[in-house]
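All remarks here apply to the structure that follows.
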Amino acid sequence: MTLRFYDTASAEVRDFVPLEPGKASVYYCGATVQGMPHVGHVRSAIAFDQLTRWLEFRGHKVTVVRNVTDIDDKILVKSAQSFEPDWFSEPSARMDEEWWALAYRYEQEFEKAYETLGVQRPTYEPRATGHIPEMHALIQRLIDRGHAYPALDDSGDVYFDVRSWSKYGSLTRQNIDDMQGAPDADPRGKRDPRDFALWKGYKEGEPATAKWDSPWGAGRPGWHLECSAMVTKYLGSRFDIHGGGLDLRFPHHENEMAQSQAAGDEFANFWMHNGMVTYEGEKMSKSIGNTVSPAEMLELASPRVVRYYLGQAHYRSVLDYRPTSLQEAAAAVERIDGFLHKAAIRLGDFGLVRANWSPVSGLVEEFQAAMDDDLNVPKALGALHQIVRAGNSALMSGDDVTAHAARSAVIDITNVLGLDAVKRPEAVQGREHAALDVLVEAQLEARAAARAAKDWAASDAIRDTLAAAGIVVEDGSDGATWSLKRD
């Protein structure tokens, strides 16, 4: 099947044909590091990590760029609050913390979350503050082409002239006359209230370290400009995929596309956006107290389970969180890991030899077709669990060939989904596992003898003792098998 993705700009699923055969270039918006990562940040990172892994599986050498916005109005505001007496309102705050220190501290929190949940490091992860000359050059190109102008009030601001670009609004299919200017934007110095800042002139009271010299006066870059300058530096004037959360379509991505194309860059061939995360059908909001953070999820479940949950829905759909969501994800992961554990005990090294998948090839092909179809992960996971069921049935019936093929397929699939990129909670390895196996098998033999003698009380007592130790016992036609209970 041809690899196909939904393109926001054309509002259709299109065949993915890379600009350069055998290669793929992907840029997705990273964090504005003004606070702790929230679940939306992490869901987006996992969605584009799945995309990257699938492109690699399909034979593409992928270059991934994920930016860090380390200078922004929100960062300056948060830093300023650290100098106020009520800085204790946020437990993670630091007194008298400079904006750049705050940004770096939160950047490390994002990196920790990404690593914990198995998100691959991008090829390049540029910071906005490291690319000021490229931003100056882009602004000048826009001025020279008649699409940008210095503010009319000598403030040092530079604005993009939205009415000078006839395609403005095309990404989100809006008419410019129906748009409103940003509610918190300062209209002074603009030709049109919808014009957006490319460069923000320095204002009295702002940190002296948060300004850079420019041809238009000291100041700092506008948010939208940063991404355009960074992506073209690392991926060129035309690249395959630009991604981010659905909330970034407007105004951020609309403005990005407008200023980049107005400057003469063809820019992204595909625009891909992941859906939001809700709480029992409602938008998450700190003000009403219905938020759940990645850190809170990781207190409730293992990283493997949290990644499964955040990556299980179609990337374009809304992912709804409920109090039972992680329990359901844990049960699904347990089925996968339980099969792999039993197969390892039954098959030993034989099960580690790469299979040709022939006994389960149809299900593997179903998985691949689902992933090729705009990353249909729910359908792909359905195929994965069918393979697990086929593998369990094969173990029960003594069909080692099918069990071997299923095990190899499951290992490959969990790897391409990134589930093997997080630490699996294996409690025992090597000699410890062998020792535990001998002890548990002795208990299972005693239990089998008790069942043969119809001593149900003794049989149940053995099972309860094993359960209390975290050992799950499953009875089958060829006897009982055991596995470790997963978190």
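General remarks:
- Exactly one residue out of LEU152, LEU138 is touching a residue at least 60 places away in the same chain (Cβ under 8 Å) and hydrophobic (A, V, I, L, M, F, W, C), and it is LEU138.
- Considering the conditions (1) at pLDDT below 95; (2) under 22 Å from ALA31 (Cα atoms), ASN274 is excluded by exactly one of them, (1).
- Of all residues in segment 48-65, those that are under 18 Å from TYR234 (Cα atoms) have Cβ atoms under 7 Å from Cβ atoms of residues that are basic (Lys, Arg) and surrounded by fewer than 23 Cβ atoms within 10 Å (Cβ to Cβ), 6 or more apart or on another chain, in HIS60/LYS23; LYS61/LYS23.
- Restricting segment 319-346 to residues that are closer than 17 Å to MET284 by Cβ and touching a residue at least 60 places away in the same chain (Cβ under 8 Å), the residue that is farthest from the chain's Cα centre (by Cα): TYR321
- Residue under evaluation ALA11, criteria (1) at pLDDT 95 or above; (2) in contact with a strand residue (DSSP E or B) (Cβ under 9 Å, 6 or more places away or on another chain); (3) not assigned by TED's automatic domain parsing to the domain that holds ARG121, criterion not met: (2)
- Here THR8, THR2, THR32 are screened, and the one residue that is farther than 30 Å from SER82 by Cα, surrounded by 19 or more Cβ atoms within 10 Å (Cβ to Cβ) and β-branched (Val, Ile, Thr) is THR8.
- Listed by position, the strands (runs of 3 or more DSSP E) contained in segment 190-261 that have at least 3 residues being assigned by TED's automatic domain parsing to the domain that holds MET179 and closer than 20 Å to GLU125 by Cβ are 238-245.
- Applying the set (1) crowded, with 20+ Cβ neighbours inside 10 Å; (2) closer than 18 Å to GLY382 by Cβ to GLU334 leaves exactly one unmet item: (1).
- Here the condition is being part of a helix (DSSP H, G or I) and either of a type outside the set (Ser, Thr, Tyr) or at pLDDT 80 or above (or both); of GLU426, GLU474, GLU445, it holds for GLU445 alone.
- Residues being under 21 Å from MET230 (Cα atoms) and of a type in the set (D, E, K, R) - total across segment 1-43: 2
- Taken across segment 143-162, residues that are over 30 Å from PHE270 (Cα atoms), among the hydrophobic types (A, V, I, L, M, F, W, C) and either in contact with a Leu (Cβ under 6 Å, 6 or more places away or on another chain) or buried (at least 20 other Cβ atoms within 10 Å of the Cβ) (or both) do occur, with at least one present.
- Residues satisfying the criterion are absent from segment 69-83 (criterion: in the same structural domain as ASP49 (by TED's automatic domain parsing), surrounded by fewer than 18 Cβ atoms within 10 Å (Cβ to Cβ), on the phi > 0 side of the Ramachandran plot and modelled with pLDDT under 95).
- For segment 437-464, a residue qualifies if it is β-branched (Val, Ile, Thr) and exposed (fewer than 13 other Cβ atoms within 10 Å of the Cβ), and exactly one does: VAL438.
The values are calculated or read from the model by the stated rules, or taken from the named source; none is laboratory data. None of these values were measured; they are calculated from a predicted model. A quick note on method: Cβ atoms are made from the backbone with ideal geometry, for glycine too, and the neighbour counts reach across all protein chains shown.
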